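These notes are about the structure you will find just below.
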Amino acid sequence: MKAIIVYVSSYGHVEQMAGKIMQGLEEEGSVVKLTKASDIEAEDLLKYDIVIFGSPVRMGSIEHNLKAFIEKTGGLWLKAALKDRIGGVFVSGGNYNSGVELTQMALYGTLLELGMIMVGFVNDMPGYGHGANQWGPVAKVGLDGSEGPSDETLTACVEYGRRLARVAREIRGQNNIHM
């Protein structure tokens, strides 16, 4: 399976999380591209089976550069061009009550609009509760960004990458869903 992680990282936390998700995907045999939202065109998403968005929380929502990228996917939405791809999200925020779930749900809403199949984080996976919630990996980095992702968050990121790859292989591979 081919995966892409599209992210924005202001303090390096989301980028660190993206690297760990990439590790998990690769451990399960996926080929992964890691890219900043400013370095990709919306049509590039068509090359991938798995699309993952990562964002810092900004005022309880998606960071503006990632939001700008997402807004460029309108043409893909019109054609249902990303239908049946696997989607996932991860975020970094000041605290667990800083809008992380709002940001995750906004990102999931976008992926659902694009016709993608969402993959969340299960409560029996390593890192759940302290490094992830049901929506995916979460980093609590302090209001000034000084804390960085915890070991639990980084573990959750690797596990999430593994899960995304396994689900994609199961759904897209065995059911002959192809681009």
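Nothing in this text is a laboratory measurement; each read-out follows from the coordinates by a stated rule. It should be emphasised that the depicted structure is a prediction, and the values quoted were computed from it without experimental measurement. For neighbour counting, all protein chains shown are included, and Cβ atoms are generated from backbone atoms with ideal geometry for every residue, glycine included.
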field: Extension gain from residue 118 to residue 97, taking 0.36 nm per residue of separation minus the Cα-Cα distance
entry: 5.3 nm
- prompt: What FRET efficiency, computed as 1/(1 + (r/R0)^6) with R0 = 35 Å and r the Cβ-Cβ distance, is obtained for residue 41 and residue 61, rounded to the nearest 0.05?
  reply: 0.90
task: Kindly express, to the nearest 10 degrees and within the range 0 to 90, the angle between helix 100-113's C-alpha long axis and the longest C-alpha principal axis of the chain.
output: 10
- request: Using label points projected 7 Å from each Cα along Cα→Cβ, tell me how many nm separate residue 71 and residue 83, to one decimal.
  value: 2.7
- prompt: What full-extension length gain, to one decimal in nm, is calculated for residue 151 and residue 134 as 0.36 nm per residue of separation minus the Cα-Cα distance?
  reply: 4.3 nm
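Give me the extension gain from residue 105 to residue 33: residue separation times 0.36 nm, minus the current Cα-Cα distance, reported in nm with one decimal.
23.6 nm
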message: If each DSSP helix of 4+ residues adds -39,500 (n - 2.57) and the sum is divided by the residues in the chain, what number results at 222 nm, nearest 500 deg cm²/dmol?
response: -10500 deg cm²/dmol
